[in-house]
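**Student:** Have a look at this one before I ask anything.
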Amino acid sequence: MKKYLFASAMLLATGSAAMAASVTNLDNETLTLVVTEGGSQSELQVGAGQTIEFCSSGCFVTMPNGDREALTGSENLEIQGGRARVL
């Protein structure tokens with residue numbers, strides 16, 4: 001019975017909230033990320049001070065300075081000085 005309750009609680013905890021990465025632009029200008037997800041590539045415009053959720057099922061992101069990062073969909077990124085860091 002305890003195993004059943006634990007498994008049910010875990011399903012509720014992980015299944016109720018959709019996972020997605022987020023990016024916050026701390027710079028004073030709009031920045032562009034290149035996101036490759038599911039074989040499709042797109043540009044993501046992030047305005048100054050804006051936070052956007054993206055990458056719900058894993059992706060590759062090319063940052064404004066050219067750095068690339070593989071994301072699983074649960075990360076939080078901050079961009080400052082054109083450079084991103086994963087929190």
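**Student:** Of the peptides 41-50, 60-69, how do they stack up when ordered by the mean number of other Cβ atoms within 10 Å, highest first?
**Tutor:** So the order, starting with the most tightly packed, is 60-69, 41-50.
**Student:** Same structure again: Find how much the distance from Ser56 to Ser22 grows on full extension, using 0.36 nm per residue of separation minus their present alpha carbon separation; answer in nm with one decimal. Let's see the in-between values first.
**Tutor:** On the way: separation 34, 0.36 × 34 = 12.24 nm, distance 0.95 nm.
My answer for the length gained is 11.3 nm.
Every read-out reported here was derived from the displayed coordinates using simple, explicitly stated rules and does not represent laboratory data. The structure displayed is predicted, hence computed values, not measured ones. Because the Cβ atoms are built from the backbone with ideal geometry, glycine has one as well, and the counts that use them run over all protein chains shown.
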